[in-house]
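First comes the structure, then the notes that go with it.
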Amino acid sequence: MNLMRAVATIGGWTMISRILGFTRDMLIANVVGAGMVADAFFIAFKFPNLFRRLFGEGAMNAAFVPLYARKLEEDGQDAARRFGSEVAAVLLTAMLFLTILAFIFMPYVMSVVAPGFKDDPAKFLLTVSLAQITIPYLLFMTLCAQFSGMLNSVGRFAAAAAAPVLLNVVMIIVLVLVNNHILDAPGHAMAWGVAVAGLIQFLFLGVACHKAGILPSFTMPRLTPDVKRLLILMAPGVLGAGVVQINVMVGDILASFLPEGAVSLLYYADRINQLPLGVIGVAVGVALLPLMTRQLRAGEEDAAMHSMNRALEISLLLTIPAAVALAMIPWPIIAVLFERGAFSTEISYATSRALQAFAIGLPAFVLIKALSPGFFAREDTKTPVKIAIFNVTLNIILAYILMQYMSYVGIALATSITSWINVFALAIILYRRGHLKLDRRLLQAGWKIVLSAVLMGTALILTFHQFSFTFLTSGFLTRFGILVGLITLGIVSYGLMIHFTGAAKISDVKAMLRRRKTET
């Protein structure tokens, strides 16, 4: 399994999903803007979506994949399939019970998730109603997380990476129907779209597992020794691998106390920030963990170290320029994507400020994904959770302080700052244990990547300055053309800079994008 090709496969499908996600969010912005309905839906959607990220990109990837991969490596496919069936039975029972409880006690849950909404009874009741509709998504996504982990463990990355595309397709269809007045009550229509999309994703991944010969059978739940081991690893893995998502949810809780629209502004900014995070960060983490697990099981410590260095290199190569671009030209990006209908110019400016704050932490968000497998591949989920507890606590304190002076921007900035602290903590502990040694190639490439990105950012801001008045006074097509020109300038200038500085070789980039049929 080639790391770069695996990252390209996962990242490619994630890119498609993110593009469709932007289309979805553009439609949401056009239909509901950043008012009460938008705030209520985003909280109702983020609640089950947080658990998707914690279980799918967090605990399930951190705990289940190493155990399942070990079963495959040591005991064969039949033993791995039995283990998968045992896990599926327990997860289905537990999450069905949790879903029912959450539905019944949703008013109390929302009192914790969005306490500030209680001051507006209509807004609070709408949020509760929408959350009760979206909560089945949690059940489906937990099972999808297991299916995805199994597929990733056997090198079938494409199906798992493609599944989120279905959510965006369903939501786009719903929003088009709402926009054409075929469906009423946009908030409720979107909530039902989320629930239906969860079922479709579950069926899609079930078919993919069946074709791969690894579909688990749903039997009576039993706490076997292997399942107990998984639960022990998953408990801290939820917090350890999902610290960024938890910090974002903490931000939403605090934002619920701010004036109406704050939750929506953070959502739209985070959606832009999630493009490189999802395409690069998730792809690197998902691809690296099973690879390192197999290398360590085979006693190939040097190979595992090399894999982590390359993961860090890929992360820096792609996220540093993305962060600089988002920080330099946030407004034209927001304006072209969202500014229409109920989404005004004032909302664009406000969202741009939050995006700049998130951009500061973008490389850190991705580096966490690259460093965490250094612990999870060794079945150590306790160390990351200790760091995460400190990190979440610090984020709450820092966000509360900064929001007093910077409102919702302070919440985004706190998430970025604490994410960098998390990176340094993970790296230092791995280094002290002898599990991380930055090789010469990575060290030499690092400063060249930063230099190339800074020069690219300078070119972007100087160029946009020349067209800023035209952008402000023109229509959508002209604005779109200017943004495309800026993006092209950024890609070309950064590509030239990394080539001339030697930060990356063209042959390496081509190899990363080249895929073998057997790996897709």
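The values are calculated or read from the model by the stated rules, or taken from the named source; none is laboratory data. Since the model is a prediction, treat every value here as computed from it, not as a measurement. Backbone-built Cβ (ideal geometry, glycine too); neighbour counts: all protein chains shown. Note: areas computed on protein heavy atoms with side chains; ligands, DNA, RNA excluded. Shrake-Rupley method; radii C 1.70, N 1.55, O 1.52, S 1.80 Å.
Below are the figures for this structure:
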| read-out | value |
| --- | --- |
| Rounded percent of accessible protein surface that carbon and sulfur make up, the chain, 1.4 Å probe | 69 percent |
| Listed pairs Lys369/Lys437; Lys46/Lys448; Lys71/Lys211; Lys46/Lys71; Lys118/Lys369; Lys46/Lys211 exceeding 26 Å between Cα atoms | Lys46/Lys448; Lys46/Lys71; Lys118/Lys369; Lys46/Lys211 |
| Separation between Cα centres of region 294-357 and region 83-127, rounded to whole Å | 30 Å |
| Size of charge dipole - the chain - debye, nearest 20, with Cβ of Lys, Arg +1 and Asp, Glu -1, no other charges | 1240 debye |
| Label of the coordinate-derived value, volume of the Cα convex hull per residue in Å³, listed as (i) 162; (ii) 176; (iii) 140 | (iii) |
| Candidate residues Arg441, Arg340: accessible-area rank, largest first, probe 1.4 Å | Arg441, Arg340 |
| Surface per residue (accessible, 1.4 Å probe) for the chain, Å² | 40 Å² |
| Sequence ranges 413-419, 429-435, 185-191, 470-476, ranked by mean other-Cβ count within 10 angstrom, highest first | 413-419, 185-191, 429-435, 470-476 |
| Dipole of the chain [Lys/Arg +1, Asp/Glu -1 at C-beta], most positive-end residue of Ile182, Leu166, Pro321 | Pro321 |
| Per-residue SASA entry for Ser493, accessible area with 1.4 Å probe, Å² rounded to 10 | 30 Å² |
| Helical mean residue ellipticity (222 nm; -39500 (n - 2.57) per DSSP H run of 4+; nearest 500) of the chain | -28000 deg cm²/dmol |
| Solvent-accessible ranking of Asp270, Asp439, largest area first, probe 1.4 Å | Asp439, Asp270 |
